[in-house]
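Down below is the structure, laid out as structure tokens.
The values are calculated or read from the model by the stated rules, or taken from the named source; none is laboratory data. Quick caveat: nothing in here was measured; it's all calculated off a predicted structure. Note: ideal-geometry Cβ built from the backbone for every residue, glycine included; neighbour counts use all protein chains shown.
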Amino acid sequence: MEKHNKIFDDRTLPLEPGQYYHIFNKGNNKDKLFTKDENYRYFLKLFSKYLSDFVDTFAYCLLPNHFHFLIKIKEMEDLQNSVNSASHIPENHEESNDGINKVIIDKFRLFFMSYAKAFNKQENMQGSLVKSFFAGRELTIKTICLML
């Protein structure tokens, strides 16, 4: 199986600088993630708040019970400039990628938790909105071109 066909979850997705990813998820039991127009806007606002310093977004699709993002993880130099002093990334390149990966996954988790908390409050619900924070797959340029 080619690398870009493998689907990872939020615990195993190797988010590497300069690489493209298809990030997606759906509601628990196919439940809706968005019930009002303002939910879509708030979801995108939070995405920008938590992730715009770490990813470039090329496309997204938000549907009532699931979403998709086509993103590129920013280059290492840009990422290191975005990481605050509390999330120091070591000079060693291999450790750097691991550290950056953890920071970005934490940003995704904060994004999803923040949205779920607001949505659950709006809908007077409790519990998980999605099965895991996200799933994804690494994409090659060839795969991206085939999508177009």
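Please find, within region 1-21, the residue that is surrounded by the fewest Cβ atoms within 10 Å (Cβ to Cβ) out of those that are at pLDDT 90 or above and within 12 Å of the chain's Cα centre (by Cα). Step by step, filter region 1-21, then rank; the result is Tyr20.
Filtering Phe47, Phe24, Phe43 for residues that are modelled with pLDDT under 95 and of a type in the set (Phe, Trp, Tyr) leaves a single hit, Phe24. In the set (1) within 13 Å of the chain's Cα centre (by Cα); (2) among the polar types (S, T, N, Q); (3) at pLDDT below 80, Ser82 fails one condition alone, (1). Residues in region 27-40 that are at pLDDT below 95 and assigned to a helix (DSSP H, G or I) were compared, and the one that is nearest to Met76 (Cα to Cα) is Asn28.
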